[in-house]
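Throughout, read-outs are computed from the coordinates displayed, never taken from laboratory work. Quick caveat, the model's predicted, so the values are computed rather than measured. In this analysis, Cβ positions are derived from the backbone assuming ideal geometry, glycine residues included, and neighbour counts consider all displayed protein chains.
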Amino acid sequence: MINPKQNAEELIDRYLSGNCTLEESNLVERIYEKAAIKRSIDDKSIDFSQIGQESWKHIYGSIHKESSVNHKLWQWLTVAASIIVMFGAGVWFYKSEYSGLNTNNRVIAKNDVPAGKNAAILKLANGKTISLSDAKTGLVIDASKISYNDGSNITSELKGVNAGTISTPKGGQYQVKLPDGTNVWLNSATSLSFSSMSNSSSVRNITLQGEAYFEVAKAYSKDGLGNKQRIPFVVKTAGQEVHVLGTHFNINSYRDKGTTLTTLVEGSIQVNVGPFHNGNVLKPGEQSILMNDNKLKIILANVKEVLAWKNGYFRFNNKRIDQVMTELSRWYNIEVEYEGEISDEKFNGNISKYKNISEVLTMLSYSNAVRFKIEGRRVTVMK
């Protein structure tokens, strides 16, 4: 039985990332199936910003009677419905009648494009390059060997690895455990170089291009007097350095964004801009934004939105279609073109990133603000 106090938004998040129990999945799908039956998705009068609320309220009466869901849970879900916001059937489409290409006249698809996958290349300091298996999710690098995170061996030829570069292509993602024990999740089109990972190092250095989520391990060395001291962890991106002792954070430094976003989830980090080292210290839940003029702004972060890519879905919060398509282009490895003016419509909602692109575009098209054409790996966006 689902806990009556469970947050409804977290339930949706876990459904999108495939981490629900069978009972929880059935509950979510019943809600959105019955909402789909009640109102045609082609009805232009639908206020899509309210679709989540309508779905929960509509389904309350019929499912409330089912013995598998208790009264206390439904009381709570009714209250939670007032804060759930989904766009264009963000979860609804999972069990809708969508079954292939050309399901509406707003997506013209000559072919489909599958979602991205696990893919990366490891280049070691000695020049050796290793293409990593797409059947694995990550690798572990330590002083004695390199292996996949399921324990299977990659190569037995290399010893004492403490420097190298791991890169993901467009349409790729990968996890890596660095020699110091730090875990890193790499988003698509990302490159991470590491060095100075031995216990004798005075600092652990990382250089990042793209986006990655870090769970930094604490590491210690001894000074000349034998005293134990922490080894700092430094992440360098274009224009800034992040100094860490041990914490969880995300950095988005794609060059096409024009900004670098650093979001702290747990612990404490200091963000330094340029050659100065008296930068801003972030608290959990805060995000620094480094602008093109090298000015740093700190705001409260939407952590769920920031970490959506790591958790298996896209989460759009008041984003224009060109911003949405930039994210999709990296994950699906597509070229995006625009025919006519770019729509000013803002998009909000959650979409699983493991669906083919035609399904994602179909959902976006429900706003009636945009249409799409898929030709090979080129997607044209039209008003």
**Request:** Apply the Karplus parameterisation 6.51 cos²θ - 1.76 cosθ + 1.60, with θ equal to phi minus 60°, to every residue of the stretch 207-219 and state each ³J(HN,Hα) to the nearest whole Hz, in sequence, with x for glycine and proline.
**Result:** 10, 10, 10, x, 9, 8, 10, 10, 10, 7, 7, 6, 10
**Asked** For the stretch 275-383, what Kirkwood radius comes out of the mean inverse Cα-Cα distance, in Å?
**Response** 15.8 Å
**Complete:** Cα pairs beyond 25 Å in the stretch 231-337, in percent, come to 23 percent
**Request:** Arrange the following residues from fewest to most other Cβ atoms within 10 Å of their Cβ: TYR254, TYR338.
**Result:** TYR338, TYR254
**Asked** Cα atoms only, the stretch 286-340: Rg and Dmax in Å?
**Response** 13.8, 38
**Complete:** So the compactness index of the stretch 162-208, its C-alpha Rg divided by 2.2 N^0.38 Å, takes the value 1.17
**Asked** Binning every alpha carbon pair distance of the stretch 211-285 at 10 Å from zero, what are the percents per bin?
**Response** 19, 47, 26, 7, 1
**Fill in**
Note on the stretch 117-305: the mean projected area of its alpha-carbon convex hull, in nm², is 11.5 nm²
**Request:** Could you line up ASP180, ASP293 from fewest to most neighbouring Cβ atoms inside 10 Å?
**Result:** ASP293, ASP180
